[in-house]
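Down below is the structure, laid out as structure tokens.
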Amino acid sequence: MIHFIDGQFLAKDSLTISIDDRGYYFGDGVYEVVKVYDGELYTAEEHFERLSQSATKVKMTIPYSEQQLIDIAKELVKVNGIVTGHIYMQVTRGVSSRVHQFPNPEVAPVVTAYAVHNQRPMKTIENGVGTIFVDDIRWLRCDIKSLNLLGSVLAKQEAFEANCAEAILVRDGIVTEGSSTNMFGIKDGIVYTHPASNLILNGITRRVVLRLCEENGIPVEEKAFAPEEALAMDEFFMTSTTAEVTPVITIDGKAIGSGVPGPLTKKLQEAFARQIPVSVAG
Ligand code: PMP
């Protein structure tokens with residue numbers, strides 16, 4: 001596979017990363033994952049706009065415009081022949097000997113990206129997944145898509161050890177989001193999800209789903225809810241670039257609603273499938 005590193009497209013085996021990269025030492029960087037359907041980037045503008053915003057929030061300047069980043073991603077799709085898959089891109093603050101404060105004089109950020117072939121996770125999209133509640137021990141700037149993912153890594157591992165697909169994070173008695181997904185509950189026909197604040201990543205898929213709710217006349221309340229309220233929802237689902245709209249059928253081993261993907265979740269899945277390229281919509 002061909003990767004991108006600092007202006008060059010290179011085979012994975014021929015590229016090198018410095019041990020002094022601040023991404024390696026501190027997780028000092030930001031990233032994005034952009035889905036590819038039918039050889040086309042999906043919601044690319046939104047993803048690269050969020051990448052720029054994440055960089056600005058950590059006082060980094062990406063040495064490419066959003067359009068140039070899109071062009072890099074498109075080139076990776078092309079040279080790697082990606083039909084269905086995703087692009088991963090990250091930007092670190094650059095290479096400098098290990099001190100916490102920013103390098104002075106400033107060094108150039110390191111931009112790397114690569115492409116992955118993968119199919120849509122149809123099995124879990126159709127059947128749903130089990131989840132567990134896990135304490136949200138992450139920092140207070142979850143709105144930044146930062147490379148610092150230890151809180152998410154530990155939560156996801158806990159879920160996997162419990163034979164579950166995702167951890168539902170709980171901070172101060174409220175459900176924030178998943179370790180790598182946004183969480184939604186449905187009660188009496190109303191879709192509830194945590195408001196976009198510093199406590200969650202405002203997912204691009206989350207935004208698509210909120211738009212689809214509006215277009216389909218499904219009422220939404222961006223309002224935090226407690227774990228007990230989550231357990232009492234009629235339906236529950238999670239969203240992300242790779243998970244799309246995945247039903248959550250159990251939390252901590254307890255069935256949500258009737259324990260199968262619910263009708264409004266299915267309606268949203270159908271609406272989601274309709275707005276991605278037809279030949280992969282399934
Ligand atoms: N929340 C967190 C913590 C995530 O890591 C992700 C995926 N990166 C999401 C939500 C979903 O975001 P998106 O829909 O943009 O993939």
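Coordinate-derived values only; no laboratory data. This one's a predicted model, so the numbers in the text were calculated from it and none came from an experiment. For neighbour counting, all protein chains shown are included, and Cβ atoms are generated from backbone atoms with ideal geometry for every residue, glycine included.
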For Val260, the net charge from surrounding residues (Cβ-Cβ under 12 Å; K, R +1; D, E -1) works out to -2
Ranking His47, His3 by Cβ neighbours within 10 Å, fewest first, what do you get?
His3, His47
Cα centroid separation, segment 83-105 to segment 106-132 (Å):
19 Å
Expressed in angstrom and rounded, the centroid-to-centroid distance over alpha carbons for segment 209-233 and segment 245-282 is 14 Å
Compute the relative contact order of segment 2-117 as a whole-number percentage, counting only Cα pairs closer than 8 Å that sit 6 or more residues apart in sequence.
37 percent
Sparse-neighbourhood loop hits (trypsin sites (Lys or Arg not before Pro), segment 1-92; DSSP loop; Cβ within 10 Å at most 12 others) -> Lys59
Can you work out ³J(HN,Hα) from phi for every residue in segment 249-260, in order, using Karplus 6.51 cos²θ - 1.76 cosθ + 1.60 and θ = phi - 60°, giving whole Hz and x for Gly and Pro?
9, 9, 10, 6, x, 9, 5, 9, x, 8, x, 10
In a shell of Cβ-Cβ distance under 13 Å around Arg50, excluding Arg50 itself, what net charge do Lys and Arg (+1) and Asp and Glu (-1) give?
-2
By the scheme Lys and Arg +1, Asp and Glu -1, what is the net charge of all other residues having a beta-carbon under 9 Å from that of Arg22?
-1
Pull up the DSSP beta bridges for the chain and report the antiparallel fraction as a percent, rounded to 5.
80 percent
In segment 122-280, lysine pairs with alpha-carbon atoms under 21 angstrom apart (chain gap of 8 or more, or interchain):
11
For the chain, what does the alpha-carbon gyration tensor say about shape, rounded, prolate or oblate, given a ≥ b ≥ c as the root eigenvalues, a/c under 1.5 as rounded, and a/b over b/c as prolate?
prolate
Roughly how many debye, to the nearest 20, is the charge dipole of the chain about its Cα centre, given +1 on each Lys and Arg Cβ, -1 on each Asp and Glu Cβ, and no other charges?
300 debye
As a test of the formula, what do you get for the chain when each DSSP H run with n ≥ 4 contributes -39,500 (n - 2.57) and the sum is divided by the residue count, at 222 nm and rounded to the nearest 500 deg cm²/dmol?
-8500 deg cm²/dmol
